[in-house]
Every structure is written in C-alpha cells, then in structure tokens.
Amino acid sequence: MEWLEYSTANCSVQRTLDIVGDRWTMIVLRELFNGVHRFEQMRQHSGISESVLSNRLGKLVDAGILDVVPYREAGSRTRREYRLTGKGRDLYPILIALLKWGDDHRADPEGPSLTVVHRDCGAPVDVVVRCRDGHDLDGPREAETHAGPAARRLAGRRPAS
C-alpha cells in the first residue's frame with residue numbers, strides 16, 4: 001500500500017483522538033482507571049476545573065465510554081458516579097502505553113512517580129504489540145499497513161507500479 005495514495009479522513013486513529021485525544025480526557029481516564037468515580041473527588045485530585053471536567057465526562061458518556069450511576073449518601077441529594085463501560089476499559093492499554101513512554105522518556109530524575117503491577121503476582125505491567133499468531137513486534141519496521149475495506153483512494157491517485 002502506498003500510504004500517500006489514501007485519504008486519512010476516515011482514519012480510526014483520527015476518530016479515536018476526536019474522543020480521547022486531549023490532555024484532560026486522558027487525565028479523567030487515569031482517575032477512573034485508578035478507582036475515582038465521583039465528580040468532586042476527580043476534580044480535587046486532578047486539578048481539572050469544573051467546566052472542563054463536566055465537558056469531558058459528558059463527551060465520554062456520549063461516546064459510550066462511561067456510564068452514569070446515581071448514588072445517594074444519607075442526608076444528601078442524589079449524585080452521579082461515572083463507571084467505565086467495556087468500551088472504556090478497552091482504553092486501558094493506551095493509558096499503560098502512555099505511562100510506559102512517560103516513564104522511559106519524561107520521568108522525574110528520581111524515577112517514575114507510580115508503578116502498575118499485576119495484582120496476582122506483583123510483576124510490572126507492560127504493553128506488548130503482538131500479531132495474532134503470537135509474535136512480538138519491536139516496532140513499526142516489523143509491520144506493514146494495508147488498505148482496509150473503508151480505505152478511500154485520493155482523487156487522481158493511481159496504484160504505484
């Protein structure tokens with residue numbers, strides 16, 4: 001496939017970034033993956049303004065990444081908690097990959113500020129790129145891109161010979 005012969009207008013990476021591609025959305029997801037589900041706790045812990053947090057939570061609910069679950073503490077009005085859906089939990093490897101990249105390239109000189117380990121054995125969690133036959137890939141040179149069923153050739157472009 002000649003990459004430059006195809007439109008990127010319907011690219012899945014681009015469509016994903018339309019939903020989760022800003023700093024605050026990833027911070028909201030970090031909070032949720034670490035067990036913070038309530039608006040005020042999320043706002044206080046992350047430092048996100050109320051308006052930005054409200055906007056990002058609404059966007060994630062609309063995208064089907066979060067569900068809203070009502071709760072009520074004694075003597076208080078009903079409030080909302082936010083829970084990851086299956087679609088939301090599928091974003092976990094992305095967050096771990098960002099954490100790993102940050103640990104390798106942007107960590108404090110003293111080292112990472114947190115680690116993620118497997119609950120059962122205590123080993124550090126890694127993100128691995130692997131083909132479906134079980135071969136690990138060390139980088140993009142070990143993969144190739146092919147046009148998929150939704151690929152759209154750019155106008156005036158002919159296949160390379």
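Per residue, the convex hull spanned by the Cα atoms of region 3-142 measures out at 189 cubic angstrom.
For the chain, the longest principal axis of the Cα atoms and the long axis of helix 23-33 meet at an angle of about 60 degrees. For region 45-161, the relative contact order comes to 12 percent (Cα pairs under 8 Å, sequence separation of at least 6). Taking GluC sites (Glu not before Pro) in DSSP loop conformation with at most 14 other Cβ atoms inside 10 Å as exposed sites, the chain has its longest uninterrupted site-free stretch at 3-72. With loop membership from DSSP and a limit of 12 other Cβ atoms within 10 Å, the longest segment of the chain without trypsin sites (Lys or Arg not before Pro) is 1-71. Here region 1-137 is assigned +1 on the Cβ of each Lys and Arg and -1 on the Cβ of each Asp and Glu. Its dipole about the Cα centre then comes out at about 720 debye. With Cα atoms defining each centre, region 83-113 and region 48-74 are spaced 21 Å apart in the structure. Each label was represented as a point 7 Å from its Cα along the Cα-to-Cβ direction; for Leu154 and Lys100 these points are 3.3 nm apart. Rounded to the nearest 500, the 222 nm mean residue ellipticity of the chain from helices alone is -10500 deg cm²/dmol, with -39,500 (n - 2.57) taken per DSSP H run of at least 4 residues. P(r) of region 63-161 in 5 Å steps, Cα pairs, percent per bin? Here the calculated profile for region 63-161 is 2, 8, 10, 12, 14, 14, 12, 11, 7, 5, 3, 1, 1, 0, 0.
With the charge dipole of the chain set up from +1 on Lys and Arg Cβ and -1 on Asp and Glu Cβ about the Cα centre, the Cα lying farthest toward the positive end among the listed residues Ser76, Met26, Val52 is that of Ser76.
Computed from the coordinates by the stated procedures, all read-outs in this text should not be read as laboratory data. A quick note: this is a predicted structure, and the numbers were derived from the prediction, not measured. So basically every Cβ, Gly included, is an ideal-geometry build from the backbone, and we count neighbours across all protein chains shown.
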